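The values are calculated or read from the model by the stated rules, or taken from the named source; none is laboratory data. Since this is a predicted model, take the numbers as computed values, not measurements. In this analysis, Cβ positions are derived from the backbone assuming ideal geometry, glycine residues included, and neighbour counts consider all displayed protein chains. Remember, those area values only see protein heavy atoms, side chains included, never the ligands or the DNA or RNA. Shrake-Rupley method; radii C 1.70, N 1.55, O 1.52, S 1.80 Å.
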Amino acid sequence: MVPSSSAFLFFTFWALLISTAVSLTCSSQKFTQNQVYSDCLDLPSLSSYLHFSYDSSNTTLSVAFIATPSKSGGWIAWAINPKATGMAGSQSLVAYKNSTTGVAVVHTYDVSSYSSIVPKDLSFEVWDMTAESRTDGSLAILAKIKVPADFAAKGTINQVWQVGPSVGEDGMLVKHDFAAANLQSKGTLDLNSGQSTSSSGGDITVKKKNIHGILNAVSWGILFPLGAMIARYIRTFESADPAWFYLHVFCQISAYAIGVAGWGTGLKLGSESSGITYSGHRNIGITLFVLATVQIFALFLRPKKEHKYRVYWNIYHHSFGYAILVLGIINVFKGFNILRPEHKWKSAYMIVIIALGGISLLLEAITWVVVLKRKSGKSTKPYDGYNNGQGSQQPLAM
């Protein structure tokens, strides 16, 4: 019997440990004034927690929101959006540590748009606002809210939460990241059942951004450089004519088609993200589209090989091509910095670019050897891939 009792105690002990480990984190959280709430939720993103009690008789919502700023000295926010499910249009409670005193404070902000976030009274009544600085580095916002009549009638509210890196001296909030977790920090809170439903809007936006990024990385970041390499190096070999030309055209037209699709998804994302502007990334994208479009139409305006203006066409074609090559790679990396995917994706692209660069260096050396041998041999004018040696163009100009 003793062994059986020991075994029973052993399993009971581990069952208690396991049940504690899998229990909601919010259920173990305490407050300095020992406030007690009827419900608590581990919110699905940004390691955030919501404690709340709702009194339907007077439509009063008591809340305590806990989160950790994205950086030391940053801010946290919990909001109700009376009009939509996102941050734009929300009425927010924002907490941060006062830079002078180090004491946590809470203020109300009207987020009319992403470009207009100003300290302002909310559109509904709020009182007993306090903020707490917790020992684990997190902050807490505590308040009581008069739920608007239309939300009280439905029994649900649109909630949004967020964390940011810092606060300016004028009290202006430095914008938060736009990673997947930040975009998914919204949902519907059922005041009666105490349950929260996450919004799928963030997932859809992330998918659109991923599609945009993949299309542009493949087009401007890989296919265009590959097509340029074919035109610069493969045409040096007489046996590759005219195959090099058709491969070059195929790569560049394919890159253009995919790039236009990626550019279009970028425009769509911009129209759906009012107030969110990445000026550098956007301007380079527009420039790439214009340059590439001119390059494509240039195919129909190309003078014949013996035409006196062909040399000027070549200069223009090569200049635009190199500009697209450089700007495309730069903008892909800007996109990585904005989207912030898993590090492996950026590393994979860097490996591809380094590989293409290494191959280019190797081909550069090989083509120069071929050209020098040809010059010292029977040919007085080396084959240039455009006119079979009947002109002045050199083999290594793209």
**Request:** Consider just the alpha-carbon atoms of the range 247-318 and return their Rg together with their Dmax, both in angstrom.
**Result:** 16.0, 53
**Prompt:** Given the protein chains as shown and a 1.4 Å probe, how many square angstrom of Met229 are accessible, to the nearest 10?
**Reply:** 20
**Asked** Among the aspartates and glutamates, which have Cα under 14 Å from the Cα of Lys83 when same-chain residues fewer than 8 positions away are ignored?
**Response** Asp110, Asp150
**Complete:** Once the in-chain neighbours fewer than 8 apart are removed, the lysines whose Cα is under 24 Å from Lys373 read Lys381
**Message:** Need one number for the range 16-146: average projected area of the convex hull over its C-alpha atoms, nm².
**Reply:** 9.5
**Item:** Violating pairs (Cα-Cα greater than 32 angstrom) within the set Lys30/Lys120; Lys71/Lys207; Lys71/Lys344; Lys144/Lys208; Lys30/Lys209; Lys186/Lys344
**Value:** Lys144/Lys208; Lys30/Lys209
**Asked** Once both labels are modelled 7 Å past Cα along the beta-carbon direction, what's the Val118-Ala298 spacing in nm?
**Response** 4.9
**Heavy atoms of Lys71: accessible area, 1.4 Å probe, square angstrom to 10** = 130
**Complete:** With N residues in the range 170-323, Rg(alpha-carbon) / (2.2 N^0.38 Å) equals 1.50
**Request:** Label the range 276-378 by shape, choosing from rounded, prolate and oblate, from the square roots a ≥ b ≥ c of the eigenvalues of the Cα gyration tensor; if a/c is under 1.5 it is rounded, and otherwise prolate applies when a/b is larger than b/c, oblate when it is not.
**Result:** oblate
**Prompt:** Taking the mean number of other Cβ atoms within 10 Å as a proxy for protection, how do you rank 327-337, 278-288 from highest to lowest?
**Reply:** 327-337, 278-288
**Cα-only Debye scattering, the range 98-244: base-10 log of I(q)/I(0) at q = 0.11, 0.16, 0.19 Å⁻¹** = -0.65, -1.11, -1.36
**Surface/4 of the Cα convex hull for the range 283-332, nm²** = 3.4
**Fill in**
Contour minus Cα-Cα span, Lys83 to Ser38, at 0.36 nm per residue, comes to 13.5 nm
